[in-house]
Amino acid sequence: MQRIANPLRRVRLPARASSHHPPTFPVMSAIDVVAMLAVFQYLVFGSLVSKARRTYGVQPPAVVGHEMFERLYRVQMNTLELLVALLPALPAA
C-alpha cells in the first residue's frame with residue numbers, strides 16, 4: 001500500500017541563520033510620509049477653500065470676492081505650485 005501525503009501536515013522550513021529575529025516587513029520611509037502629508041495638507045486646503053466659497057458666496061470659477069476667500073484660495077494655489085516641485089524632488093532626497 002502506497003502512503004499518501006497529508007496536505008494539512010505542517011511543512012518544516014529550513015532554519016535561517018538568524019532564526020531568533022522576527023520577519024521584517026517593508027517599512028514606509030520618511031520620504032513617503034512627507035509626500036503623503038504634503039498631499040493631505042493640499043486636500044485640507046482645498047476643503048477650506050470650498051467651505052470659504054460657500055461661506056462668502058463666491059461661485060466657481062470666480063477667484064475674486066471676499067478678502068478671506070482670496071487669502072485661502074491663494075494659500076491653496078501656492079501649495080499646489082510648490083507640490084509640483086516638491087513631489088518629483090523627494091525621491092532624489
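The values are calculated or read from the model by the stated rules, or taken from the named source; none is laboratory data. Given the structure is predicted, the values throughout are model-derived calculations rather than measurements. Cβ: placed from backbone, ideal geometry, glycine included. Neighbour counts: every protein chain shown.
Assuming Leu90 fulfils every condition listed in (1) modelled with pLDDT under 95; (2) loosely packed, with under 10 Cβ neighbours inside 10 Å apart from one, which condition is it?
(2) is the only condition that Leu90 fails.
Which one of these does Pro26 not meet: (1) surrounded by 12 or more Cβ atoms within 10 Å (Cβ to Cβ); (2) of a type outside the set (Lys, Arg); (3) outside any helix (DSSP H, G or I); (4) modelled with pLDDT under 95?
Unmet for Pro26, out of (1) surrounded by 12 or more Cβ atoms within 10 Å (Cβ to Cβ); (2) of a type outside the set (Lys, Arg); (3) outside any helix (DSSP H, G or I); (4) modelled with pLDDT under 95: (1).
Quick check on this structure: which one of Ala35, Ala62 is at pLDDT 65 or above and in a loop (DSSP other than H, G, I, E, B)?
Ala62
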